[in-house]
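Student: Once you've had a glance at the structure underneath, I'll fire off some questions.
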Amino acid sequence: MDKILIIGQAPPANKQLMPYDSTMLYEWLERVGVSKNDALDIFHFDAVYDKFPGYNSNGGHLKPTEKQMDDYWERELRQRVNDCKSILVLGACARDYLKTKNIDKPITFTIHPSKRNYSLYLKNKESILNEIKTLIAP
């Protein structure tokens, strides 16, 4: 069975034990009935760029350039998109980039699960969780 592909902006600066380990993603998944361990069986994890692009002057993460994202799209991401059954896109950077691609798969766009987005998550919790639940429903 094909997996659901989760696509974010770029890998974090520091390697994590599991993808998105330092975010709210697994809390969201638990709320829709997917345990952290089951998530590894259900999802593949990727980003619109395969390297950490650095920090901006405010200490946040730099957004990958269009050229960097295009390069990664051609090298790997397009094939991963073609091989998955559906896609969950996390955050504005990945959303804006992937909307320029002709993707013919079920695709859900949501906020990034960064803890910086906690208040935004609380305001949109039902909608976010319902969209994820609909995407992962058999």
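Student: Could you tell me whether any residue of segment 89-102 is within 12 Å of Q9 (Cα to Cα), touching a Leu at 6+ places or on another chain (Cβ under 8 Å) and surrounded by 11 or more Cβ atoms within 10 Å (Cβ to Cβ)?
Tutor: Taking segment 89-102 and keeping what is within 12 Å of Q9 (Cα to Cα), we get 89-98.
Now narrow it down to the ones that are touching a Leu at 6+ places or on another chain (Cβ under 8 Å): 89-90.
Then drop every residue that is not surrounded by 11 or more Cβ atoms within 10 Å (Cβ to Cβ), which leaves 89-90.
Taking every residue of segment 89-102 in turn, at least one turns out to be within 12 Å of Q9 (Cα to Cα), touching a Leu at 6+ places or on another chain (Cβ under 8 Å) and surrounded by 11 or more Cβ atoms within 10 Å (Cβ to Cβ).
Student: Are any of the residues in segment 124-133 in contact with a strand residue (DSSP E or B) (Cβ under 6 Å, 6 or more places away or on another chain), of a type outside the set (G, A, S) and open to solvent by less than 80 Å² (accessible area, probe 1.4 Å)?
Tutor: The answer is yes; a qualifying residue exists.
Student: OK, next. What single numbered condition from (1) under 17 Å from T100 (Cβ atoms); (2) open to solvent by 90 Å² or more (accessible area, probe 1.4 Å) fails to hold for Y55?
Tutor: With (1) under 17 Å from T100 (Cβ atoms); (2) open to solvent by 90 Å² or more (accessible area, probe 1.4 Å) applied to Y55, the lone miss is (1).
Student: Tell me, yes or no, whether segment 8-16 has at least one residue that is open to solvent by 70 Å² or more (accessible area, probe 1.4 Å), among the polar types (S, T, N, Q) and farther than 26 Å from N124 by Cα.
Tutor: Yes, that holds for at least one residue.
Student: Any idea which of D50, D2, D41, D46 is in contact with a Gly (Cβ under 9 Å, 6 or more places away or on another chain) and acidic (D, E)?
Tutor: Just a single option satisfies the conditions, and that option is D46.
Student: Go through (1) touching a residue at least 24 places away in the same chain (Cβ under 8 Å); (2) closer than 21 Å to I132 by Cα one by one and return the number of the condition H61 breaks.
Tutor: Every listed condition holds for H61 apart from (2).
Student: Applying the selection to segment 31-52, what residues are surrounded by 14 or more Cβ atoms within 10 Å (Cβ to Cβ), in contact (Cβ under 8 Å) with a residue 40 or more places away in the chain and among the small types (G, A, S)?
Tutor: Of everything in segment 31-52, just one residue is surrounded by 14 or more Cβ atoms within 10 Å (Cβ to Cβ), in contact (Cβ under 8 Å) with a residue 40 or more places away in the chain and among the small types (G, A, S), namely A47.
Student: Right, something else. Of the residues that sit in segment 58-88 and are among the hydrophobic types (A, V, I, L, M, F, W, C) and more than 15 Å from I6 (Cβ to Cβ), which one is surrounded by the most Cβ atoms within 10 Å (Cβ to Cβ)?
Tutor: Selected residue: M69.
Student: Now for a different question. Determine which member of the set V48, V32 is farther than 25 Å from K125 by Cβ, touching a helix residue (DSSP H, G or I) at 6+ places or on another chain (Cβ under 9 Å) and among the aliphatic types (A, V, I, L, M).
Tutor: Only one candidate passes the filter, namely V48.
Student: Then there's this: Quick check on M18: is it of a type in the set (A, V, I, L, M) and part of a loop (DSSP other than H, G, I, E, B)?
Tutor: yes
Student: Let me ask something additional. Just to verify a result, which residue in segment 1-15, among those that are within 13 Å of the chain's Cα centre (by Cα) and assigned to a loop (DSSP other than H, G, I, E, B), is modelled with the lowest pLDDT?
Tutor: Checked segment 1-15; the qualifying residue modelled with the lowest pLDDT is P12.
The values are calculated or read from the model by the stated rules, or taken from the named source; none is laboratory data. Just so we're clear, the structure is a prediction, and the values are computed from it rather than from any experiment. We place every Cβ from the backbone using ideal geometry, glycine too, and count neighbours over all the protein chains shown. In case anyone asks, the SASA skips ligands and DNA or RNA and just uses the protein heavy atoms, side chains included. Shrake-Rupley method; radii C 1.70, N 1.55, O 1.52, S 1.80 Å.
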